[in-house]
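Please treat every number below as a calculation from the coordinates, not as lab data. Treat the numbers as computed from the prediction; the structure is a model and nothing was measured. Heads up, the Cβs are rebuilt from the backbone with ideal geometry, glycines too, and the neighbour counts pull from every protein chain shown.
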């Protein structure tokens, strides 16, 4: 499995989209993300140019939304209303 797309919610910051190589484990002291961008696709203003990945300590992370990969999408049941 490749990198998973996540929406990272940090304390006091707007949510950002990033990629994680591995799901975080309960014993981890930090998370490592790469390819960070704002939800609209623009650069994250506080990340310098050329930065490959960022490590955040858990106390900065409010929560993480784990997005479904294209591979997993076939197994997800979306709810919709027939108009």
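In this simple spin-label approximation, residue 30 and residue 5 carry label points 7 Å from Cα along the Cα→Cβ vector, and these lie 2.7 nm apart. Between residue 62 and residue 13, the contour length at 0.36 nm per residue exceeds the alpha carbon distance by 16.6 nm.
The mean sequence distance of close C-alpha pairs (under 8 Å, at least 6 residues apart), as a share of the length of the range 4-69, puts its relative contact order at 43 percent.
As a ratio to 2.2 N^0.38 Å, the alpha-carbon radius of gyration for the range 4-69 is 1.04.
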